[in-house]
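These notes are about the structure you will find just below.
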Amino acid sequence: MELDKIFTEIKHFCRASTDSDRVFSRSAVIEVVYTVVSKGIPLFRTEGVGDVTLLDIHSGKNPVSVPAILPEKIQAKLRRQILAILRGRFNDKIKEEIKKYKELGFIKLGEDGSWNCYIAPPKGEKETDIGMCGFCPACNLLGTILTKNEFNASTSYGVKSRVVHDVAFGTARYEKAVADFTHNKVGDGVNYTGVSLFSETHVLPGVVFIGKLAMYDVTEREVKLVLSALSSIHRMGGGETKYGSLQVLLIGIKPGNIETISSYDIARRVLEKYDGNLVPPEDVIKEIVNYVSSRGFYMFVKEIDNKKVDEMNTVIELKDDEVIELWKTDNYYYSKNISEYIKRVEEKTSTEAKGRRGKG
């Protein structure tokens with residue numbers, strides 16, 4: 001199915017960009033199944049240096065241990081990719097639109113409409129991420145904390161992510177999917193090798209991970225932004241500049257009122273089919289496509305016979321005018337709803353506090 005036809009089908013489950021109650025959910029959800037194909041030796045560690053996340057899946061009679069990518073890894077990379085897209089399309093027209101956010105109570109923007117949002121670690125235990133602006137499409141889609149540094153209010157407010165993730169399960173047994181590599185520690189800022197050696201566990205090339213995300217109460221342009229960012233991820237994990245080469249392949253998309261499938265369901269099918277062996281990624285993807293298409297998804301990947309993985313890629317890009325409109329309507333009205341809701345809470349809290357003081 002062509003991309004235009006796919007977006008025509010999902011449009012009925014997308015929110016209107018100027019809806020006045022975007023803050024409150026209507027349970028309209030859009031599911032996306034995708035795969036992550038290792039093309040280098042990625043480090044998908046979470047627990048610490050040398051560790052790869054390991055999970056057991058019951059396939060047949062016995063559990064199978066597989067490597068996995070936890071949702072926070074995917075979410076963090078997705079946020080960075082969305083921010084890269086927004087920065088790459090930032091222009092004077094968008095600057096004029098951003099000035100309006102100042103009137104809503106948001107703080108992290110310049111008088112001339114200048115903007116930047118980035119992931120930065122907090123300086124202290126009580127601080128949240130110090131780089132997020134709190135009002136851009138990345139913050140509104142993937143969640144943020146509005147402290148006194150981001151919004152003119154008396155306390156902090158949380159904005160929940162409207163993009164949720166499953167664990168991305170590997171489709172080969174742990175012992176077939178990973179290997180230990182010994183590295184030389186290179187001195188920082190110089191080009192010589194130090195004397196120390198260290199070992200880390202890497203995912204092998206060709207291992208396929210099955211992922212799924214769901215987008216709740218999003219507009220059509222917000223869907224395109226998420227899919228554009230997801231499909232353009234080419235590196236991920238620890239030491240991604242050296243080891244993290246991979247391909248994210250969009251498989252299928254399905255709109256509805258509830259989530260209908262999980263990455264776990266699909267992983268079990270593949271493990272049962274190939275008994276956890278490391279088979280060519282094309283074989284794994286074919287099995288995934290056959291199953292996902294039977295569950296009512298509109299497919300990005302089709303006619304995969306005799307095609308290599310790199311020939312199956314689906315590229316989704318936002319046009320310049322779509323990015324401008326995203327800032328002007330979709331994201332602005334969501335921010336406006338957030339602002340109005342916070343102000344109502346602030347007024348109610350202030351009134352109740354005055355009432356308690358009056359009784360005292």
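Coordinate-derived values only; no laboratory data. Remember, predicted model here, so these are calculated numbers, not experimental data. As a convention, Cβ positions derive from the backbone with ideal geometry for all residues, glycine included, and neighbour counts pool all protein chains shown.
With +1 on the Cβ of every Lys and Arg and -1 on the Cβ of every Asp and Glu, and nothing else charged, how large is the dipole of the chain about its Cα centre, in debye rounded to the nearest 20? Don't jump to the answer; show the numbers that get you there.
Working: 52 positive and 50 negative charges, 206 e Å.
For the chain, the charge dipole is close to 1000 debye.
Tell me which label goes with the value of volume of the Cα convex hull per residue in Å³ computed from the coordinates here: (1) 135; (2) 187; (3) 115.
(2)
Which aspartates and glutamates have a Cα lying under 13 Å from the Cα of LYS95, excluding residues fewer than 8 positions away in the same chain?
Cross-link targets: GLU111, ASP112, GLU325.
Please list, or write none, the aspartates and glutamates whose alpha carbon is within less than 15 Å of the alpha carbon of LYS176, excluding same-chain residues fewer than 8 places away.
ASP56, ASP275
Could you list, in their original order, any pairs among LYS100/LYS224; LYS102/LYS224; LYS108/LYS160; LYS11/LYS254; LYS11/LYS93 whose Cα atoms are separated by more than 22 Å?
Working: LYS100/LYS224 24 Å; LYS102/LYS224 26 Å; LYS108/LYS160 19 Å; LYS11/LYS254 11 Å; LYS11/LYS93 26 Å.
Too far apart for the 22 Å limit: LYS100/LYS224; LYS102/LYS224; LYS11/LYS93.
Quick one: which of 12-19, 114-121 comes out on top by average Cβ neighbours within 10 Å, and what's the full order, highest first? It would help to have the intermediate numbers written out before the result.
On the way: 12-19: 16.0, 114-121: 14.1.
In descending order of packing, they fall as 12-19, 114-121.
Using the per-residue mean of other Cβ atoms lying within 10 Å as a proxy for protection, in what order, highest first, do the peptides 86-98, 256-268, 332-344, 211-223 fall? Can you show the working numbers first?
Numbers: 86-98: 15.3, 256-268: 17.1, 332-344: 18.8, 211-223: 22.4.
Sorting 86-98, 256-268, 332-344, 211-223 by mean packing, highest first, produces 211-223, 332-344, 256-268, 86-98.
For LYS302, give me every one of the aspartates and glutamates with a C-alpha distance below 17 angstrom, ignoring sequence neighbours fewer than eight places off in its own chain.
GLU2, ASP4, GLU282, ASP283, GLU287, ASP310, GLU311
Only Cα pairs within less than 10 Å get springs; with that Gaussian network setup on the chain, which residue of ASN184, ASN331, ASN290 has the largest fluctuation?
ASN184
Kindly express, to the nearest 10 degrees and within the range 0 to 90, the angle between helix 71-88's C-alpha long axis and the longest C-alpha principal axis of the chain.
Between helix and principal axis, roughly 60 degrees.
Quick check on packing: order 132-143, 317-328 by the mean number of other C-beta atoms within 10 Å, highest mean leading.
Details: 132-143: 24.2, 317-328: 17.1.
The packing order, highest mean first, is 132-143, 317-328.
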